[in-house]
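As structure tokens, the structure follows; a few thoughts come after it.
Every number here is computed from the coordinates shown, using simple stated rules; none is lab data. Everything numeric in this text was worked out from a predicted model, so none of it was measured. Cβ placement follows ideal geometry from the backbone for every residue including glycine, while neighbour counts extend to all protein chains displayed.
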Amino acid sequence: MNWEERPANLHCNLGDILKKKGISALQLSKDLDHRRSTINDLINNRDIDSRRIPAQLIARLCVYLNITPNDLFSVKHEEE
């Protein structure tokens, strides 16, 4: 596969998950004791390609939301 022609990107599904569960970014931030700016960046997929996401945060999100990392993240291929 030619990665330059059809790059694969990581996509965070946190925004959709929170909407379905009726949880706000502020509430999630408070309950997880994590910075709201980081939560918002994940919700908006801001700088997801260059961002370091702590494993502890991923684990907390999964336990709190009763999901798996596969639910939280997906891989998307850009269309040519």
Of all residues making up region 54-80, the number that are without any contact (Cβ under 8 Å) to a residue 40 or more places away in the chain, of a type in the set (A, V, I, L, M) and part of a loop (DSSP other than H, G, I, E, B): 0
Testing L61 on (1) surrounded by fewer than 15 Cβ atoms within 10 Å (Cβ to Cβ); (2) within 15 Å of N13 (Cα to Cα), one condition comes back false. Which one is that? (1)
So which residues in region 1-52 are without any contact (Cβ under 8 Å) to a residue 24 or more places away in the chain, of a type in the set (G, A, S) and either closer than 20 Å to H77 by Cβ or in contact with an Asp or Glu (Cβ under 6 Å, 6 or more places away or on another chain) (or both)? S50
Just give me the residues in region 69-80 being closer than 12 Å to C12 by Cα and either surrounded by fewer than 16 Cβ atoms within 10 Å (Cβ to Cβ) or of a type in the set (K, R) (or both), in sequence order. P69, N70, D71, S74, V75, K76
Scope region 1-52; condition of a type outside the set (A, V, I, L, M, F, W, C) and touching a His at 6+ places or on another chain (Cβ under 9 Å); matching residues: R6, P7, N9, N45
Tally of residues being within 12 Å of the chain's Cα centre (by Cα), part of a loop (DSSP other than H, G, I, E, B) and surrounded by 11 or more Cβ atoms within 10 Å (Cβ to Cβ) across region 32-53: 6
Which residue, of I23, I17, is under 11 Å from the mean Cα position of the chain (by Cα) and surrounded by 12 or more Cβ atoms within 10 Å (Cβ to Cβ)? I17
